[in-house]
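The values are calculated or read from the model by the stated rules, or taken from the named source; none is laboratory data. In this text, all values refer to a predicted model and were calculated from it rather than measured experimentally. Note that we place each Cβ from the backbone using ideal geometry, even for glycine, and neighbour counts take in every protein chain shown.
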């Protein structure tokens, strides 16, 4: 009667490649991959491109390190709502960036996403520039930002006149 051979001597040789073989089997049985939805990535890229520099209406405010960190994206067809954290520093005054929760609205047209609105996120306090034009007065050791309807005042060491309102 023929003697049965043991599979134990072969087992150590197969063990190192066993995970690879299992992966090949599992990926081969899954069928074609589902098409990837690039909409969220496109929205995130549109926000990144839009936020590279502060809006022109804030040109009078000495801002640095201006950026939006996207937290979540909610798409509905050709419209999207983004929750993001606005980070910025006042040049020469802030040692670290401040933050503000924001909600952005985007619209898609001709395959391109564009930011159409930027406002405080629900429950977040508005920034000074959300309330209207901002007047900037720089002193020798200070920076004063004033809202609409507040006449600029002279402070010790301040320049003779404000740098001007930022257009809205």
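Some notes on this structure:
- Residue check for residue 126: more than 20 Å from residue 41 (Cβ to Cβ), in contact with a strand residue (DSSP E or B) (Cβ under 8 Å, 6 or more places away or on another chain), modelled with pLDDT under 95 and outside any strand (DSSP E or B): yes
- Test: residue in the range 102-115 that is surrounded by fewer than 12 Cβ atoms within 10 Å (Cβ to Cβ), at pLDDT 95 or above and at positive phi: no
- Failed criterion for residue 77 (all others in (1) modelled with pLDDT under 95; (2) within 16 Å of residue 41 (Cα to Cα); (3) in contact with a helix residue (DSSP H, G or I) (Cβ under 7 Å, 6 or more places away or on another chain) hold): (3)
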